[in-house]
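Just so it is clear, none of the values below were taken in a lab; they were calculated from the coordinates. Quick caveat: nothing in here was measured; it's all calculated off a predicted structure. Counting neighbours? That spans all protein chains shown, and the Cβs are built from the backbone with ideal geometry, glycine included.
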Amino acid sequence: MKNIAVLGSTGSIGRNTLEVVRNLNRNGFPVSVKYISANSNVELLSQQIEEFKPKAAVIFNETSFEDLKSRSLNHKCEILCGQAGINEIASRDDFELVVNALVGFSGLIPTIEAIKHGKDIALANKESLVVAGELIYSMLRESKSHLLPIDSEHSAILQCLQGEPIAEVSRLILTASGGPFRELSKEEMNSVTVAQALKHPNWVMGNKITIDSATLMNKGFEIIEAKWLFNIEAENIDVLIHPQSIIHSMVEFTDGSVKAQLGVPDMKVPIQYALTYPGRIKSDFPRIDFKQLKNLTFDEPDLEKFECLKLAYDVIKSGGSYPIVLNGANEAAIDLFLKEKIRFTDIPALIKSAMDKHENHVSPSLENIVSIDSWSRKFVYDSATELV
Ligand code: NDP
Ligand code: MG
């Protein structure tokens, strides 16, 4: 029996994780969900409590906490609130693995808490590695925790690397769909609407990552994520636009051979692999019908058009605390874009001005990371007030 906690259980990855748990339990790989968490979706969290019967549920929003406590559910479990609630469950010894499906910076402290308590982590929250990759890896060296990627590209790479010594890898090739604006001109991107940006061609995901996929910031984050996960220099990580999202990523070896992992775009596959790693369990998730695949195409990303990816490359070069600014400024800019306060193309402009103002810190501590994150957000909100 595998005992797990699912943080962000009401989100897109969280709901897919629970679907995977149902599949595993049907197929002889018993998983028990001991803890779940949400920000404010009391309705769905209540249904999940009834179905999965966890020991405790954590809810971040205080009003929602009162609401959840006042409900008379058939399954009685502890109801905890906020970061204190997460810290409390991280210290319990009745589970081994945390699925971190929180979005943005909110996922960082839970990742750190999980490592402190020696839990394995199935990590969807790539922002943890963007802002604190160095700190997380120095903590992992002292801990019995293992980090397993949920992100489809990184899961693909992990699958390609099975049985292969890392010293024989020459390049990682991350594929990217190119998002909904792949074929627009830079000029046309000025006037795209929130609804258009939220319409991803291949994947159904939470709003934040859907916007990151439209700006290609997501791919920039994924280069940083891959660099930490696989201990590979960013110069040896390439990005290829592959609009069909069938090849999820590839590894090229020193002898010139390339391995790729393929599948339909469905996050349940990489989530399940993270839970069953290094083994596999049967599923009835959708399969590729190769006869229906007309062509698989590959192209270079256009860094002039997708300035967020260019900014991510700049940050990878400068290192230190710049990735924290990239992430914090990006979260604030996306929030403003979703509220229709700024244009789509203001997102990279605001991030760039935050980066220009920032002075680099080498090897930032957790305290530095938290304060640089707050500064970056405030900088973007203040600058945007001048824009409108
Ligand atoms: P969603 O927005 O769908 O879900 C986020 C989850 O986190 C929800 O449960 C939400 O609760 C909770 N949450 C949101 N804000 C906070 C907060 N401030 N404090 C505590 N909990 C919070 O996101 P996704 O599932 O799309 O993404 C989750 C992570 O996975 C991201 O890092 C993303 O980059 C990564 N990822 C996602 C993929 C996908 O297919 N969706 C693919 C690859 C990576 P509530 O529902 O109550 O708001
Ligand atoms: Mg991805």
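Taking the charge dipole of the range 1-81 about its Cα centre, with +1 at Lys and Arg Cβ atoms and -1 at Asp and Glu Cβ atoms, the residue from P54, G28, L7 reaching farthest to the positive side is G28. Shape class of the range 107-189 from the Cα gyration tensor (axes a ≥ b ≥ c, square roots of the eigenvalues): oblate, since a/c reaches 1.5 or more and a/b does not exceed b/c. On alpha-carbon atoms, Rg over Rh for the chain using Kirkwood Rh? Over the Cα atoms of the chain, Rg/Rh equals 0.95.
Dividing the mean sequence gap of close Cα pairs (under 8 Å, 6+ apart) by how many residues the range 109-243 holds gives a relative contact order of 29 percent. Footprinting exposure proxy ranking of I109, I211, fewest other C-beta atoms within 10 angstrom first, gives I109, I211. Exposure proxy shown here: for C77, C160, the number of other Cβ atoms within 10 Å sets the order, fewest to most, as C77, C160.
Listed cross-link partners K119/K378; K34/K282; K116/K341; K119/K259 are compared with a 28 Å cut-off, the Cα-Cα value being larger for K119/K378; K116/K341; K119/K259.
This model, with +1 at the C-beta of Lys and Arg and -1 at the C-beta of Asp and Glu, gives the range 137-228 a dipole about its Cα centre of some 140 debye. If you take the square roots of the eigenvalues of the alpha-carbon gyration tensor of the range 236-287 and sort them as a ≥ b ≥ c, do you get rounded (a/c under 1.5), prolate (a/b over b/c) or oblate? Taking the square roots of the gyration eigenvalues as a ≥ b ≥ c, the range 236-287 is oblate. Across the range 1-108, the relative contact order, built from alpha-carbon pairs under 8 Å that are at least six residues apart, equals 34 percent. For the range 144-200, trypsin sites (Lys or Arg not before Pro) are listed when DSSP marks them as loop and at most 16 other Cβ atoms sit within 10 Å of their Cβ; the list is K144, K199. The trypsin sites (Lys or Arg not before Pro) of the range 1-79 that meet both conditions, a loop assignment by DSSP and at most 12 other Cβ atoms within 10 Å of the site Cβ, are R71, K76. Bridging of K310 to lysines at a Cα separation below 17 Å is possible for K186, K219, K227, K352, once same-chain residues fewer than 8 apart are set aside. Would you calculate a helix-derived [θ] at 222 nm for the chain, using -39,500 (n - 2.57) for each DSSP H run of n ≥ 4 and dividing by the full residue count, to the nearest 500? That comes out to -14500 deg cm²/dmol. Does the range 293-350 come out rounded, prolate or oblate by the C-alpha gyration tensor, with a ≥ b ≥ c the root eigenvalues, rounded set by a/c under 1.5 and, if not, prolate when a/b is larger than b/c and oblate if not? Oblate shape, in that a/c is at least 1.5 and b/c is the bigger or equal ratio.
In loop segments of the range 230-334 as defined by DSSP, the GluC sites (Glu not before Pro) with at most 14 further C-beta atoms inside 10 Å of their C-beta are E233, E304. Fewest-first ordering of E340, E225 by other beta carbons within 10 Å of each residue's beta carbon gives E340, E225. Relative to one another, the C-alpha centroids of the range 102-145 and the range 316-354 are positioned 22 Å apart.
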